[in-house]
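Worksheet for the structure shown next.
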Amino acid sequence: MSAYSNELIPAGKETHLIRFTSTVEGLVTHRKPNNNNIKHIKIGLLVMCVLSGVVGLSYLFFDPVVRSIILSKLTLSRTSDTFYIWEDPPISPHLKVYFWNFTNPEAFFLGLERPKLVEVGPYTYRQKWLKQNVTWHEEEGTISFRTRKIFSFSPSDSCVGCNDMTDKITTLNVPAISAYYQMRESYWTGFLLTGMINTLGYDMWTTKVAHELLWGHQETLFEVAKYTMPSPPPFQKFGFFLTKNTSREEELGMYTMYTGQGDPYKLANIAAFNNKTFLDRWNDTECDRVHGSDGASFNPYIQKHDTLWFFNDQLCRTMPLVFDQQLIKEGLPGYRFKPREDVFMSPERFPEQNACFAGDGKVLGDGVFDVTTCQFEAPIVLSWPHFLHAEKKFQEGVQGLKPDEEKHSFYFDIQPITGTTLSAKARIQINVMVRNNSMYPALEKVKSTVVPVLWFEEGIDELGEDIVKVLRTAAVDPKFYRQYILYCFIVLLSVVILLGGYWLFKKCMNIKVKKEVKKVREQIQDIVGPHDVEREQAEQPMLSQSTDSSRVTTACHSRNCSEGIKPPYISEVRTERSEQSLLEKLPPFVTSLGRSPPYNAIKVDDLLPEDDLEAVDDEEEEEEEEEGDEEEGEAAPNVVLIKSRHRISSSSFST
């Protein structure tokens, strides 16, 4: 058989050979991730997270830090600002005194009538507190001092027309009644005492000006008592508030108070009175113990469930106070504390709390507190004004009382953070127990009665503006700062959530795009084949450049074709089966051609940007179109262009 046998080369047929040299570098997509934007989002998210953490920690540690600062500021020291305020407080406490004017004393002592009382007042006095003999005990964390109170009558705050220097009040003759009480079991001494009282012209009642009754008047009976009584009073004057307005240091009580050094929660608590930790007045150590506050201030950071203790040497006890209500005073939040329900109540009703105050000969009952033991054996009984919360026998024993909770209650309004007293109404009524005694003609007809003498209100109406400003920085301003920190934290946290959500969205989209690109790449590789196909064979020239070897090349080509071995670069004659197989391999998003493509034809111009495709020269396209038009009944082969480094060339020959 010859090299140019008709069996090998059909007449009129043209073989179109394609040399396809290409290296797939990757797909170009319109949804290329913007790495710069993601990087900026990460940086912003990191910054917001750091700021949110800082603000969050500031919010968590805000209260402990502020508490530590406030406690350090409140603690008393030689150079602290609070010490100067405590030593010379810029406030003006008041003392209001209401007298019970006795209108029927003679009928009462004859046993004919109950006492008829008329309330007169108030006589108001302004106070100035001065700390004297201040001594530091730094090792014990305490400070000792005496408080001198200077009283000045204030007509503008007193009742209309009231004048303490001219107004006369009729009341019980407390020195005479006290003398009879102390001599109640001594007949002969009492007989002598009666003679001296009659000689002095004393009755069981007296009329004095208000100033004398309060601040003292010369009392002749005290001179006699030095020789006739077992426990005479150490004074030559008598007055209900004689020692309140004294300037003699020996008459002023010595208080020892904790400064807060070492334990700031002990600040303002009394450690000792007159260098004693017990009063030696009552039959129980707890009732007799000296503790609590003097009322000017209390310990800091008070809770509603706390029990506060108010100590006063003239009350001769420590009074427990419990929370009553929450209020606002001068723009400052405060707690109102009132005496606990067992205060001034009978031991029968509250045995656990008040049994220690009971004793032989003491006045017992709900609403009264016998302090004879600490008033030089004078039959003095304390109660709330108008016998508020007292038993009926006390309220009905006299005439003229009108108890009112709002007007006559006892309370302290305290700023809970600093423990400062915002306002106070310490209201106490002084009564005298008048007992029937057949040994003495002056008392043999009287009915035993607890007779009110006066009641007073000592406290603070308002603080100075300077103190209020200082208290606001500790009690009000930190709450606003804490709220601002919380709002900032919420805003930063919202920004972090938004940035995190946006970053997560971008991350998911990038992952999705990468998956799509990978899927497309795999599908294209399945169709086109690996890009490292026998490149040497693909690049082998179809026809020899030498005319001498043309016969051999042609023969080889013809022989290869006749033996059914097809080079990978030779276009296959399309069949219906091959076209269908190719269509199944194409991705669904690839736009189909106008006609079925051959096995080596892929249309990707819808997937890839036109700028990224390397097309053939216009002249080659025109030549291919002209050659395609010459063929009858056959469609020109399509060449798919993938982003490549090489050109596509074609050549043809015919028999």
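Readers should treat all values here as calculations from the given coordinates under stated rules, not as data from a laboratory. Computed from a prediction, not measured in an experiment: that's the story for all the values here. Because the Cβ atoms are built from the backbone with ideal geometry, glycine has one as well, and the counts that use them run over all protein chains shown.
Taking the beta-carbon count within 10 Å as an exposure proxy, list W455, W282, W136, W384 from fewest neighbours to most. Could you put the intermediate results ahead of the total?
Working: W455 26, W282 20, W136 16, W384 23.
Ascending Cβ contact count within 10 Å gives the list W136, W282, W384, W455.
Per residue, what volume in Å³ does the convex hull of the Cα atoms of the range 91-463 enclose? Don't jump to the answer; show the numbers that get you there.
Values: hull volume 53.1 nm³, N = 373.
It comes to 142 Å³ per residue, whole-number rounded.
Find the Rg to Rh ratio for the range 287-386, where Rh is the Kirkwood radius over alpha-carbon pairs and Rg uses the same atoms. Present the calculation step by step, with values, prior to reporting the outcome.
Values: Rg = 15.2 Å, Rh = 15.0 Å.
That ratio equals 1.01.
For Y202, Y481, Y335, what ranking results if the residue with the fewest other Cβ atoms within 10 Å of its Cβ goes first? Provide the component values of the computation, followed by the final result.
Working: Y202 17, Y481 12, Y335 22.
By the 10 Å Cβ count, ascending: Y481, Y202, Y335.
Kindly state, to the nearest 0.05, the FRET efficiency for L327 paired with K447, given R0 = 45 Å and r defined as their beta-carbon distance. Each step should come with its number before you reach the end.
On the way: r = 44 Å, r/R0 = 0.97.
The computed FRET efficiency comes out at 0.55.
Just in the range 350-422: which GluC sites (Glu not before Pro) are loop by DSSP and have at most 14 other Cβ atoms within 10 Å?
Working: sites: E352, E377, E391, E396, E405, E406; in loops: E377, E391, E396.
Loop-located and lightly packed - E396.
In nanometres, what is the gap between the two model label sites at L486 and H40, each 7 Å from Cα along Cα-to-Cβ?
Computed distance between label sites L486 and H40 equals 3.6 nm.
Where does each of S297, S494 land when they are ranked from fewest to most other beta-carbon atoms within 10 angstrom?
On the way: S297 21, S494 12.
Ordered from fewest to most neighbouring Cβ atoms within 10 Å, S297, S494 come out as S494, S297.
Defining a contact as two alpha carbons under 8 Å apart and six or more residues distant in sequence, what relative contact order in percent does the range 91-463 show? Provide the component values of the computation, followed by the final result.
On the way: 827 pairs, mean separation 62.4, N = 373.
Answer for the range 91-463 is 17 percent.
If I take R0 = 56 Å and measure r between the Cβ atoms of S186 and Q303 in this structure, what FRET efficiency does the formula 1/(1 + (r/R0)^6) give, to the nearest 0.05? Please report the intermediate quantities before stating the final value.
Numbers: r = 53 Å, r/R0 = 0.95.
The calculated FRET efficiency here is 0.55.
Using a simple spin-label model with points 7 Å from Cα along the Cα→Cβ vector, what separation in nm is obtained for S58 and Q525?
5.4
Under a crude label model (7 Å from the Cα following the beta-carbon direction), how far is N163 from Q236 in nanometres?
Output for this residue pair reads 2.9 nm.
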